[in-house]
Amino acid sequence: IDIQSEPQKGTSFRVILDLPIAEKVSSEFILPEMQILIADDDEIFLESVCNTFNSIGVRADTVVSGQQAIEMAGRKAENGEEYGAVFIGWKQQGENMLKTIREIRRCIGNTTPIIIISDDDLSEIEKTARKSGADGFIDKLLFPSTLYYKINELLHLRKGA
C-alpha cells in the first residue's frame, strides 16, 4: 500500500495485490446446451454477458429493449420452440419492466424462468415483480459460476449443485 498526499491537492492511494490467475472456467460450470434471451440497453454489457454464457455452454440471443424481447420470445413460441431462460436488465425498462415481464410470460408460458438483472437493490419491487411473472433476480456482475448456479436453481438441472 502506497499513499501520497499533498496539501491543497489531495491524496492518492495505490494498492498492489499479488493474486493468482484464475482458471478460465471450470468444467464444473458447464450447463446442458440451451439457448437463452437477454434484454438490456447496454450493448457492452450484452457482449460481455454473451461471452460469459458461451463459456458455460449456453447460446444467447440479445436485444436492447423490452419490446424486442417480447417480439423475439413470441416468435420463438410461435415456432414451437422455447428459451431455456429469459434475462432482462431492470434499468433498461424501469417501471415498464413489470409490463414487459407480463407480456413475455404471456408469450412463453410458465415453464421458462424470467430473471431480472440489476445492480440495484430490488427488494422493494420483488413481490410485485414476482406477481408479474419474474422467477428470480441476479446481480449485474455476472460470473460464470453465478449464472450456472442461478440457472441450475431455477431449472433444477442438478441435485446438490
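Under the rule a/c < 1.5 gives rounded, and otherwise a/b versus b/c splits prolate from oblate, where does the stretch 97-161 land using the Cα gyration tensor? Walk me through the intermediate numbers first.
Working: a/c = 2.15, a/b = 1.26, b/c = 1.70.
Note, shape of the stretch 97-161 comes out oblate.
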Size of the chain as Cα extents on the principal axes (Å, biggest first): 65, 38, 27
Contour minus end-to-end for Asp119 and Glu6, with contour as 0.36 nm per residue of separation and end-to-end as the Cα-Cα distance? 37.2 nm
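Tell me the carbon and sulfur percent of the accessible area for the stretch 6-157, rounded to whole percent, probe radius 1.4 Å.
On the way: 4370 of 9120 Å².
Whole-percent figure for carbon plus sulfur exposure: 48.
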For the stretch 26-107, what Kirkwood radius comes out of the mean inverse Cα-Cα distance, in Å? 13.1 Å
Pairs of lysine in the chain with Cα under 22 Å and at least 8 positions apart or on different chains: total? 17
Angle, helix 43-55 long axis vs. longest principal axis of the chain, Cα atoms, 0 to 90°, nearest 10? 80 degrees
Would you kindly state how much longer the chain becomes between Arg102 and Val15 on full extension, computed as 0.36 nm times their sequence separation minus their alpha carbon distance, in nm to one decimal? 26.7 nm
Given the Cα-Cα distance of Asn54 and Lys140 and 0.36 nm per residue of separation, how much length would full extension add, in nm? 29.3 nm
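Could you report the chain's accessible area per residue, 1.4 Å probe, as an integer in Å²? Don't jump to the answer; show the numbers that get you there.
Values: 10110 Å² over 161 residues.
Counting only protein heavy atoms, the per-residue value for the chain is 63 Å².
The values are calculated or read from the model by the stated rules, or taken from the named source; none is laboratory data. Because the structure is a prediction, the values reported are computed rather than measured. Side chains included, ligands, DNA and RNA excluded: accessible areas come from the protein's heavy atoms. Shrake-Rupley method; radii C 1.70, N 1.55, O 1.52, S 1.80 Å.
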